[in-house]
Amino acid sequence: MELIRTQPGEEFARTGASLIAQWLRDRPDALLVPAIGRTPTGIYSHLVDLHRASMLDTRRLRVAQLDEYLGVGVEDPRSLIGWLLRDLCDPLGVEPEGTIRLDATADDPSKSCRAYEDAVKEAGGIDIAILGLGRNGHIGFNEPPSGPDARTRVVDLSLSSRRTSRGYWTGSLPVPSHALTAGMDLLLGARRTLVVVSGADKKAILRRTLHGPQSPDVPASLLRSNPGVTLLADEQAWPDTSTSR
Ligand code: F6R
């Protein structure tokens, strides 16, 4: 795993965006699976700037959703795919029809999970995953414990994940108790992965991710033995004992 340490804010966002842009230039038809949330927001806005400055061609880019709250449709203010379309796909000119989605409002959500897996496999698997780090070590919504074989599925959201989600929208809409997530098996199969971590509240879990036992109890720790993984963390999240490049 390659480790990159930056200053918080601008340097973190620019570094993440230029890394992703470089990977996309190497593979213009990549299937990208981007996390949503607080951490990658600045990175995505820099990526959009690069596209607007004609420094990133996204005409062949394909995007698959990483996760979604159960029962939440795209028009719902809580929707993660809604957020992804607004912040990334639309500004990058990726057609909504071209995205691979988790249908969280289907009568049988497990069937949507199977359809998603099939679509991702048919597309050739994930080329680039951009993953945030949950305070409990989750990636996507693969809550602990999630082993390497955990498939795309409906999960119970932990209290910690629900607390994080509560900060994602204004108003009094309840935080869903369940979500659909791309499985560990698909995520660990990504050809390249960028894990993004910022803020002092991630320091403890980043230490366990990098230095603790590799275990389903910290799903992100399973990325350590994967080739093609880069972890970008800012100074505030960086655990005191680790090395950087
Ligand atoms: C969201 C997702 C989650 C977040 C993680 C970190 O699509 O998959 O795993 O990436 O909870 O969230 P932030 O960045 O808001 O701290």
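The values are calculated or read from the model by the stated rules, or taken from the named source; none is laboratory data. Because the structure is predicted, anything quoted here is derived from the model rather than measured. Cβ sites come from the backbone with ideal geometry, for glycine too, and all protein chains shown count toward neighbours. Heavy atoms of the whole protein, side chains included, go into the accessibility calculation; ligands, DNA and RNA do not. Shrake-Rupley method; radii C 1.70, N 1.55, O 1.52, S 1.80 Å.
Assorted remarks:
- Take the conditions (1) in contact (Cβ under 8 Å) with a residue 12 or more places away in the chain; (2) surrounded by fewer than 18 Cβ atoms within 10 Å (Cβ to Cβ); (3) of a type in the set (Lys, Arg); Lys202 misses just one of them, which is (2).
- Residue ranges of helices (runs of 4 or more DSSP H) in segment 1-116 with at least 2 members of a type in the set (Val, Ile, Thr): 10-26, 41-52
- Candidates are the residues of segment 183-217 that are part of a loop (DSSP other than H, G, I, E, B) and within 13 Å of the ligand (Cβ to nearest atom); the one that is nearest to the chain's Cα centre (by Cα) is Gly183.
- Considering residues of segment 127-149 that are more than 7 Å from the ligand (Cβ to nearest atom) and surrounded by 24 or more Cβ atoms within 10 Å (Cβ to Cβ) only, the residue nearest to Leu231 (Cα to Cα): Ile130
- Test: Arg101 is touching a helix residue (DSSP H, G or I) at 6+ places or on another chain (Cβ under 9 Å) and basic (Lys, Arg): yes
- When Gly171 is tested against (1) in a loop (DSSP other than H, G, I, E, B); (2) surrounded by 15 or more Cβ atoms within 10 Å (Cβ to Cβ); (3) more than 16 Å from the chain's Cα centre (by Cα), exactly one condition is not met: (2).
- Residues considered: Ser225, Ser158. Of these, the only one that is over 20 Å from Ala129 (Cβ atoms), small (Gly, Ala, Ser) and open to solvent by 20 Å² or more (accessible area, probe 1.4 Å) is Ser158.
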